[in-house]
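Please read the structure below before turning to the comments.
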Amino acid sequence: GSLPGGMAANATVGILPTFLGYSAQGLFKFGLYEIFKDVYSNAVGPELAFNYRTYVYLAGSASAEFFADIALCPMEAVKVRMQTSPPEAKF
């Protein structure tokens, strides 16, 4: 059966900004991780990069996540606004 009271339509409100936001976050997270990992490895030199690779990877991951979350935030704000605004609101 179908969901009562238009719940199916309500469940899809904001799906496009969610898709775009999380796509941008994934692109930034995985793309920038590789870049930051390389930058930090080169910054400390090959021996330290190998000996402390866990910390180099952690720093690269944290840096990438920072920028990935910034890429996600605008689309999450759009999604929340769409979900909490009355249907007749015009953006």
Taking 25 Å as R0, compute the FRET efficiency from the Cβ-Cβ separation of Leu58 and Tyr22 and round it to 0.05.
0.65
Percent carbon-and-sulfur accessible area, the chain, ignoring ligands, DNA and RNA, probe 1.4 Å
68
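Given a Förster distance of 30 Å, report the FRET efficiency between Phe67 and Ala8 from their Cβ-Cβ distance, rounded to the nearest 0.05.
FRET efficiency, Phe67 to Ala8: 0.25.
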Can you find, among Pro86, Thr54, Leu16, the residue farthest towards the positive end of the dipole of the chain? Put +1 on the C-beta of Lys and Arg, -1 on that of Asp and Glu.
Pro86
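So, for the chain, what is the accessible surface per residue at a probe of 1.4 Å, expressed in square angstrom?
Solvent-accessible surface per residue comes out at 73 Å².
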Helix-only mean residue ellipticity at 222 nm for the chain, each DSSP H run of n ≥ 4 adding -39500 (n - 2.57), per residue, nearest 500
-27000 deg cm²/dmol
First select every other residue whose beta carbon is under 15 angstrom from the beta carbon of Leu58; then total the charges, Lys and Arg +1, Asp and Glu -1.
0
Rounded to 0.05, the calculated FRET efficiency for the beta carbons of Ala77 and Ile35 at R₀ = 30 Å is 0.70
Obtain the radius of gyration and the Kirkwood radius of the chain from its C-alpha atoms and give Rg over Rh.
1.27
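The values are calculated or read from the model by the stated rules, or taken from the named source; none is laboratory data. Here the structure is a predicted model, which means the values were calculated and not measured. Every residue, glycine among them, receives a Cβ derived from its backbone with ideal geometry; neighbour counts consider all protein chains shown. Heavy atoms of the whole protein, side chains included, go into the accessibility calculation; ligands, DNA and RNA do not. Shrake-Rupley method; radii C 1.70, N 1.55, O 1.52, S 1.80 Å.
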